[in-house]
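The block underneath contains the structure these notes are about, expressed in structure tokens.
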Amino acid sequence: MNNNTPLKRLEIWLAEEKLSGAPNPCQAVLATATTEAIPHARVVAIREFSPQGLIFFTQKGTRKVEEIIKNPQGVITFWLELKQRQIVIEGKIEALTLAENDNYWRAYPKEAQIRFTAYAPTSGQPIPSKQFLENKRNDIASAYTDKELSMSPYYCGFRLIPHRFVFYAYCSPELSDVWEYQYQANEWLEKTLSP
């Protein structure tokens with residue numbers, strides 16, 4: 001990876017946050033919007049980032065997925081509290097292929113597969129109680145003790161393909177540092193911005 005790219009800076013900043021003691025700096029806020037521009041944000045786990053984009057997973061039928069299907073633009077924001085840094089990444093969102101989803105599913109620990117299979121069909125919907133999901137999880141775990149659990153039909157991944165990064169390094173009481181990268185004409189252009 002080229003050292004002058006925003007992905008390299010992202011990689012370095014996340015690694016530095018982890019070294020500072022953050023248990024999981026790859027949790028980020030994903031913001032999407034309806035076609036009427038009504039925003040919606042929630043925390044997601046960024047599973048991978050590469051020159052192709054940032055990958056996260058969710059379940060079909062949720063508000064988040066419906067918004068992405070109808071308006072495939074989003075913003076991912078990392079808040080790195082220990083280092084007092086923020087990274088904002090804007091881009092287009094595309095669905096992963098069935099093969100990509102299946103590869104990630106197979107890499108999941110079985111316990112995570114069971115948990116996902118238990119809650120995904122009812123995600124965001126009213127349920128009688130948490131015990132309802134616990135019972136489903138226990139039933140699935142019993143049924144698949146010695147068997148492979150196929151990918152849930154609700155499991156789906158997406159890739160945010162960045163076109164803009166903004167890195168903020170807060171320096172109180174000094175002036176903060178801000179760098180912007182925009183993807184234009186097949187290259188990343190870097191600018192220093194006023195905070």
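The values are calculated or read from the model by the stated rules, or taken from the named source; none is laboratory data. Predicted model only: the values in this text are computed from it and were never measured. So basically every Cβ, Gly included, is an ideal-geometry build from the backbone, and we count neighbours across all protein chains shown.
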- Looking across the range 44-64 at residues that are assigned to a strand (DSSP E or B) and in contact with a Leu (Cβ under 6 Å, 6 or more places away or on another chain), the single one that is surrounded by the most Cβ atoms within 10 Å (Cβ to Cβ) is L54
- Before we move on, is V75 closer than 20 Å to S152 by Cβ and surrounded by 18 or more Cβ atoms within 10 Å (Cβ to Cβ)? no
- Message: Given the options E81, E100, E148, E111, name the one that is under 30 Å from S172 (Cα atoms) and either at pLDDT below 95 or surrounded by fewer than 17 Cβ atoms within 10 Å (Cβ to Cβ) (or both).
- Response: E81
- Query: Residues of the range 138-195 being over 30 Å from K8 (Cα atoms) and hydroxyl-bearing (S, T, Y), which ones?
  - Reply: S142, Y144, T145, S150, S152, Y154
- Query: Consider A22 against the criteria (1) under 27 Å from Q113 (Cβ atoms); (2) touching a Lys or Arg at 6+ places or on another chain (Cβ under 9 Å); (3) without any contact (Cβ under 8 Å) to a residue 40 or more places away in the chain: it satisfies all of them except one. Which criterion is unmet?
  - Reply: (3)
- Task: Residues that are in contact with a Gly (Cβ under 8 Å, 6 or more places away or on another chain): find the helices (runs of 4 or more DSSP H) completely inside the range 78-195 holding 2 or more of those.
- Result: 98-107
- Query: Can you tell me which residues in the range 20-57 are of a type in the set (S, T, Y) and in contact with a strand residue (DSSP E or B) (Cβ under 6 Å, 6 or more places away or on another chain)?
  - Reply: T32
